[in-house]
Amino acid sequence: MSLEEEFNKERTEWEKHIYRVSYSSNPRVYIDCEAYRKLVSLGDKIFPLIREDLQKPWNVEKIGFFWLHVLYDIAGEKFSQDIPESIRGKNKELKEYALKWLDEYLPK
């Protein structure tokens, strides 16, 4: 299975999980699943695929915002250390930050 196929398989499973728990206000519930852990285990080689997905419109029942958790769980402080306090909790601004960070992180 190619990286992209594995990514898409786990992404689909994670999205189903997110839909099943979409009633919850606890963000941990959304990332507490095997598909999420498998995506994180793929490491930074999935960053281009995450970047592509981040460019799609966000929806509460879709992954959208939760890619930020994957980026943090893979990159740690490299990703989160420069997030301005003023954009924390603001999905649109966080999405723009993540896209900019990925543009700077990914090889040209």
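Every read-out reported here was derived from the displayed coordinates using simple, explicitly stated rules and does not represent laboratory data. Keep in mind that what you see is a predicted model, and the values were worked out from it rather than measured. FYI the Cβ positions are ideal-geometry reconstructions off the backbone, even for glycines, and counts take in every protein chain you see.
If you take every residue apart from residue 35 with its C-beta less than 10 Å away from the C-beta of residue 35, what net charge results, scoring Lys and Arg +1 and Asp and Glu -1? All intermediate terms of the calculation are to be shown ahead of the outcome.
Details: positive: 9, 11, 16, 37, 38; negative: 10, 13, 15, 34.
With Lys, Arg at +1 and Asp, Glu at -1, the neighbours total +1.
For the range 3-105, what D do you get in µm² per second when you plug the Kirkwood radius from alpha-carbon pairs into Stokes-Einstein at 10 °C and 1.306 mPa s?
Details: Rh = 13.9 Å.
The diffusion coefficient I find is 115 µm²/s.
What is the sum of charges around residue 13, taking Lys and Arg as +1, Asp and Glu as -1, for the other residues whose C-beta is under 12 Å from the C-beta of residue 13?
Details: positive: 9, 11, 16, 20, 37, 38; negative: 6, 10, 15, 34.
Spelling it out: positives minus negatives among the neighbours equals +2.
For residue 105 and residue 90, calculate 0.36 nm times their separation in residues minus their Cα-Cα distance, and state this gained length in nm to one decimal. Walk me through the numbers before you get to the answer.
Values: separation 15, 0.36 × 15 = 5.40 nm, distance 2.19 nm.
Additional length available on full extension: 3.2 nm.
Ranked highest first by average number of other Cβ atoms within 10 Å, how do 65-74, 32-41 line up?
Put in order of decreasing packing, that is 65-74, 32-41.
Within 10 Å, count the other beta carbons around each residue, average over each peptide in 45-57, 17-29, and list them highest first. All intermediate terms of the calculation are to be shown ahead of the outcome.
Numbers: 45-57: 15.4, 17-29: 12.5.
Peptide ranking by packing, descending: 45-57, 17-29.
How large is the dipole of the range 3-105 about the Cα centre if only Lys and Arg carry +1 and Asp and Glu carry -1, each at its Cβ, rounded to the nearest 20 debye?
Details: 17 positive and 20 negative charges, 66 e Å.
So the dipole magnitude of the range 3-105 works out to roughly 320 debye.
Evaluate the distance, in nm, between pseudo-label points positioned 7 Å from the Cα of residue 21 and of residue 6 along their respective Cα→Cβ axes.
Once both label points are built, they end up 2.3 nm from each other.
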